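Below: the structure, in structure tokens.
The values are calculated or read from the model by the stated rules, or taken from the named source; none is laboratory data. Nothing here was measured: the structure is a model prediction, and the numbers come from that model. Using ideal geometry, Cβ is built from the backbone for each residue, glycine included, and neighbour counts are taken over all protein chains shown.
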Amino acid sequence: MNLQNKNCLIEHEDYFCWILDKAMPWSGGRAVVLQAYCDASERGDEIFCVAGFAFDEERAKKATRQWISLWGDTRCHMTDLNARKGAFKGWTPEQTSKRLEDSVPIINSCRSYGIAVSCNISEFKRSAPKESDSNSKKLWYGFKTPYALCTHLAMTWFGLMQEENNGIAYFFEKGDRYQGESKSFIDFMISNNPAHEKTYKLRSHTFLRKEDCRLLEMSDIFAWEWTKQIDRNVNNMPIRGSLKAMLGKGVWHEENISFLSKNIFAFHLNGEKISGFFNKAKEMELFSDNPSPEALMRMASYFQ
């Protein structure tokens, strides 16, 4: 790495630490970095996933330093790394495997806990409501995308795993294709029903460019790995070693589409789970005019 690039990386690290200090002006909180990934399975259906990790403030800074030390100014994008294209064109399979192998210990040693939520887009579209009454359009708009539903469930679980009195600073990728839906949904939930802010343990939420938050690359790995696991499981293929190392010891449920350990939770929403969610929302008149705060709070806790 030349000196010019090294100086740029130091400036980048300092910038993220400055953003982190601004986003977390309280003690005892955690930074949660969420990333989305969508990919077509071998069966042709698209699998969508939102995944992320939580870090306390000092470990977030430590993780950034270690990640930059390993990756330099090369951004980890799992789709490109796996296909050995883009920045990884010309890499050998051994090089890509080694880089991923070296990345997992950084994630495992620095993160507090992790969440991954996935679904099949075709199943989601069959179950999601097609319309809403006028006064509930913002809420319905948030729930009508796989991104928003998976984000909502991921944030709910992060809130459950966080200590009661300490909040969470959430970081999302700026410019993500689903950013508009997610931001609209989160802003609505916070402004119209403070109970959701408590459910998510949300103290702040920030949208950053991927190059300004290297921790997004770690969440990208988790989202990619979990999405591949769902497709590999359908095809009776073994779990990838990198995902196994990232998950650690825990319990698999429901034919290997749900994993739970002390600090990692990953699950796939199949058609029945998705349809059940929306049927419950309809039953509670969540998408009618002026849904009650009680109904919103109960739906925030769905799947707990």
Look at region 8-57 and say how many of its residues are of a type in the set (Asp, Glu), at pLDDT below 80 and assigned to a helix (DSSP H, G or I).
3
Out of the helices (runs of 4 or more DSSP H) lying entirely within region 82-168, which hold 3 or more residues that are within 25 Å of ASP56 (Cα to Cα) and either within 16 Å of the chain's Cα centre (by Cα) or modelled with pLDDT under 95 (or both)?
146-161
Take the residues in region 169-181 that are closer than 24 Å to ASP21 by Cβ and either among the basic types (Lys, Arg) or in a helix (DSSP H, G or I) (or both); name whichever of them is modelled with the lowest pLDDT.
GLN179
So, in region 233-260, of the ones that are in contact with a strand residue (DSSP E or B) (Cβ under 7 Å, 6 or more places away or on another chain) and small (Gly, Ala, Ser), which residue ends up farthest from ARG99 (Cα to Cα)?
SER258
Right, LEU260: at pLDDT 90 or above, in contact with a helix residue (DSSP H, G or I) (Cβ under 9 Å, 6 or more places away or on another chain) and on the phi < 0 side of the Ramachandran plot or not?
no
Suppose the filter is surrounded by 14 or more Cβ atoms within 10 Å (Cβ to Cβ) and at pLDDT below 95; does THR64 pass it?
yes
Filter region 264-297 down to the residues that are at pLDDT 90 or above and either surrounded by fewer than 15 Cβ atoms within 10 Å (Cβ to Cβ) or within 18 Å of PHE48 (Cβ to Cβ) (or both) and list them by number.
PHE265, ALA266, PHE267, HIS268
Looking at region 21-61, which of the residues that are surrounded by fewer than 24 Cβ atoms within 10 Å (Cβ to Cβ) and of a type in the set (Lys, Arg) is farthest from the chain's Cα centre (by Cα)?
ARG43
